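Let me begin by presenting the structure, written as structure tokens, before commenting on it.
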Protein chains: 2
Amino acid sequence: MNNHPGTTNAQAAPMCLREIRSFFVGGAIRSLHGLPVEQRRFAQNGPARDVDPNGDHVCGQMYVQAYLQANPTRRVPLLLWHGGGMTGANWETTPDGRPGWLSFFLRAGFDVYVSDAVERGRASWARWPDIYTEPPLHRSLNEGWDMFRVGPREGYASSASERRAHAGQQFPVEAFDSFAAQWVPRWADHEAMTLAAYDALLQQVGPCIVLGHSQGGGFALEAVRRRPRQVAAVIAVEPSGAPQTPHSQDMTPLPPHLYVWGDHIAEHPIWQRYRANVDAHAVALKAAGTRADVCDLPGEGLRGNSHFPMTDRNSDLVAARVLHWLDAIAPPTTQS
Amino acid sequence: MNNHPGTTNAQAAPMCLREIRSFFVGGAIRSLHGLPVEQRRFAQNGPARDVDPNGDHVCGQMYVQAYLQANPTRRVPLLLWHGGGMTGANWETTPDGRPGWLSFFLRAGFDVYVSDAVERGRASWARWPDIYTEPPLHRSLNEGWDMFRVGPREGYASSASERRAHAGQQFPVEAFDSFAAQWVPRWADHEAMTLAAYDALLQQVGPCIVLGHSQGGGFALEAVRRRPRQVAAVIAVEPSGAPQTPHSQDMTPLPPHLYVWGDHIAEHPIWQRYRANVDAHAVALKAAGTRADVCDLPGEGLRGNSHFPMTDRNSDLVAARVLHWLDAIAPPTTQS
């Protein structure tokens, strides 16, 4: 499961931060009553003791890390929203040990906020069926290999040496098990709760740019629809969904949108459907006068990207395209 | 649940990092067979699809964030290990929005590694009863108020204004709900799995100092026993357990130990037992010639600390005492 922690990036410029902080947004307290008391042991060699699950529990909160520059060169911060079954770890380091998009966009001069959505990672999760109503979903490596378009489902094998990826695959396939170490369970029925927490985050952060991936891309498209005056731009990388109503309720013009797509979508019926849904969203925005640019990576000469361009071997190239698009919208205030 | 994300710390020196990275250590792949396929919907407005839980799953891994200085002034890094039901978020920012021990020790010149132990936070957790055998434990605010020695159990109330804390409490009681937002579920029977992952971390990081809190303090005391030549010093803050056999198997002398204790232990029978167990460990180490210092905060004039000195109002004062102790063992290589 190790992914080269010893790798260094000494040639790159240092990142000077005035603050590294974390906080929680959203959430509420729920009280439980009438559940049986259990006897459990906790500490090494410690005695068993009563565990009473009844009482107050926080649920619905989201975790956010803020990396705030000593000398930011961008006017608004960048928010990175991960996809389904992921956490903010997705942005930190690629599974094969290279600096991820967190470092890329810090070095580009942005203050960066990395969040763990409700129920994921450090955001914690609540009891079921007492608070959450459904059981969690745990994704297998077999499913991820297929759904993340690393290779065809039948190309997955428990033995790494026997796996077959798509030809020209940019995902670092040798690090697929390391990648799977960062997957977390998720629930299928929590969209409203998660969106409420993202909305609380936007309310708190103020003007910003949102970059969301997969499920987080769908949340980003919905969040900007709700707060069109506050979000300066939205980048949806491989969004798995889009709002049914593309416009803001009061028809306020929406800020610029960028949609980024990897390769091998034609071979995956689920992704064909997801993309058709999102493409229709982009078309509707454009028709209403919103800038809505689609970056189809293979169409632009970057072939072989998986569902995770930020972890693929060419992750810096993809990030550079996003940054180039952003430079027109949120240019550096000074030379960085 | 908000904890003042707008608070800034502009007067403090910037932290210049050459790298912010994360990685996973430990863990193995487990295969599941024979479980029923479910129909679930994932994306916003997306169609339902088959979810097959069978297949390969990673379990037993731990998540680690490394904050590596552009110009470290200490020879070895500092590893921060959180307590039971917590994550690495515990070290980042106090519940009332002040910089936590992560920033304190970065500013003191250390490279710092923050981990989420197995099953906690970004380390993810595995299916039960298929992989984990027991159900998780979710701590209520009621229990935390008591167990963390914020106040007596009967002093807890759902309404914050009706809560009664211990007199002179250093914990920021007004931020108790924000603090509870960072608690994560835990399992009671995973010590061996968690210790294996910590051992993998130590193997990977090399020479270091370990600072562990509560359950993580117990793990730190055991980990240094297993790797006495590698760990330069261990600080156990309010450890909830200690190894039954204090010494290394081959009787290699152990590195210096510091035990840090807060206030109000006399009022809590569970903590009296935990501390008696750990005090015996310190006595055994001293008898064998190991430096084993006990820092009883109220005995040293710092009164009112809870089980979480790193989140208490005087967290910087407590950190300064730890740093003073460390300065003799791992002094700065240059003036920072």
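General remarks:
- Taking θ as phi - 60° and the Karplus parameters 6.51, -1.76 and 1.60, the scalar couplings of the range A:324-331 work out to 4, 5, 5, 4, 6, 9, 9, x Hz in sequence order, x denoting glycine and proline.
- Charge dipole (the protein assembly as shown, unit charges on Cβ, about Cα centre) - positive-most of A:His324, B:Leu137, A:Val58: A:His324
- For A:Trp125, nonlocal amide neighbours, meaning residues 5 or more places apart or on other chains whose placed amide H falls under 5 Å from its own, do not occur.
- DSSP bridge orientation in the protein assembly as shown - percent antiparallel, rounded to nearest 5: 55
- Charge dipole (debye, nearest 20) of the range B:250-308; +1 at Cβ of Lys and Arg, -1 at Cβ of Asp and Glu: 60
- Placing a label point 7 Å from the Cα of A:Pro298 along the Cα-to-Cβ direction, the distances to the matching points in the other copies come to 6.8 nm, shortest first.
- Gyration tensor verdict on the protein assembly as shown (Cα atoms; rounded if a/c is under 1.5, prolate if a/b is larger than b/c, oblate otherwise): prolate
- In Hz, Karplus ³J(HN,Hα) per residue of the range B:18-23 (6.51, -1.76, 1.60; θ = phi - 60°; x = Gly, Pro): 7, 7, 10, 9, 9, 7
- A Gaussian network model of chain B, with springs between Cα atoms under 10 Å, assigns the largest mean-square fluctuation among B:Met147, B:Met251, B:Met15 to B:Met251.
- The equivalent ellipsoid of the range A:27-138 has semi-axes of 37, 17, 14 Å, largest first, where each one is the square root of 5 times an eigenvalue of the Cα gyration tensor.
- Average beta-carbon neighbours from other chains, 10 Å sphere, peptide A:298-311: 0
- Of all chain A residues, the closest to the A-onto-B rotation axis by Cβ, with that distance in whole Å, is A:Cys16, 2.
- In chain B, helical runs assigned H by DSSP with n ≥ 4 each contribute -39500 (n - 2.57); averaged across all residues and rounded to the nearest 500, the mean residue ellipticity at 222 nm is -7500 deg cm²/dmol.
- The magnitude of the dipole of chain B, with charges of +1 and -1 set on the Cβ of Lys/Arg and Asp/Glu and taken from the Cα centre, is near 600 debye.
- For chain A, the cysteines with no partner cysteine C-beta closer than 4.7 Å are A:Cys59, A:Cys208, A:Cys295.
- Other-copy label distances relative to B:Gln244, 7 angstrom Cα-Cβ extension, nm: 6.1
- Packing, taken as the mean count of other beta carbons within 10 Å per residue, orders the peptides A:269-276, A:189-196 from highest to lowest as A:189-196, A:269-276.
- Gain in span if fully extended, B:Asp50 to B:Asn314, counting 0.36 nm per residue against the direct Cα distance: 89.8 nm
- Phi-based couplings in Hz for the range B:122-133 (Karplus 6.51, -1.76, 1.60; Gly and Pro marked x): 6, 6, 6, 8, 9, 4, 10, x, 6, 10, 6, 8
- The range A:49-181: antiparallel DSSP beta bridges as a percent of all, rounded to 5: 65
- DSSP beta bridge pairing in chain A, given as percent antiparallel to the nearest 5: 55
- The length gained on full extension between A:His247 and A:Ala192, counted as 0.36 nm times the residue separation minus their Cα-Cα distance, comes to 18.0 nm.
- Comparing B:Asn305, B:Asn277, B:Asn90 in a Gaussian network model of chain B, where Cα atoms under 10 Å apart are tied by springs, the biggest mean-square fluctuation is seen for B:Asn277.
- Net charge dipole, the protein assembly as shown: roughly 1000 debye, given to the nearest 20, about the Cα centre with Cβ charges of +1 for Lys and Arg and -1 for Asp and Glu.
- Label spacing, shortest first and in nm, from B:Gly206 to its equivalents in the remaining copies (7 angstrom along Cα→Cβ): 4.4
- Projecting the Cα atoms of B:Ala292, B:Pro207, B:Gln182 onto the charge dipole of chain B (Cβ charges, centred on the Cα centre) puts B:Pro207 farthest toward the positive pole.
- Distant-in-sequence amide contacts of B:Val51, defined by a placed amide H-H separation under 5 Å and a gap of 5 or more residues or a different chain, comprise B:Glu38, B:Gln39, B:Arg40.
- Gyration tensor (alpha-carbon) shape descriptor, the range A:83-197, a/c threshold 1.5: oblate
- Tensor-based shape of chain B (alpha-carbon gyration tensor, a/c under 1.5 rounded, otherwise prolate or oblate): rounded
- Residues whose amide H comes within less than 5 Å of that of B:Leu79, counting only those at least five positions distant or on another chain, are B:Tyr113, B:Ile209, B:Val210, B:Leu211 (H built at 1.01 Å from N in the peptide plane).
- Ordering of A:155-166, B:288-299 by packing [mean C-beta count within 10 Å, highest first]: B:288-299, A:155-166
- Estimated FRET transfer efficiency (B:Glu38, A:Arg226; beta-carbon r; R0 30 Å; 0.05): 0.45
Read-outs throughout are calculated quantities, based only on the coordinates presented, and are distinct from any laboratory measurement. Every value quoted in this text rests on a predicted model; they were computed, and no experiment measured them. Don't worry about glycine lacking a Cβ; one is built from the backbone with ideal geometry, like all the others, and counts go over all protein chains shown.
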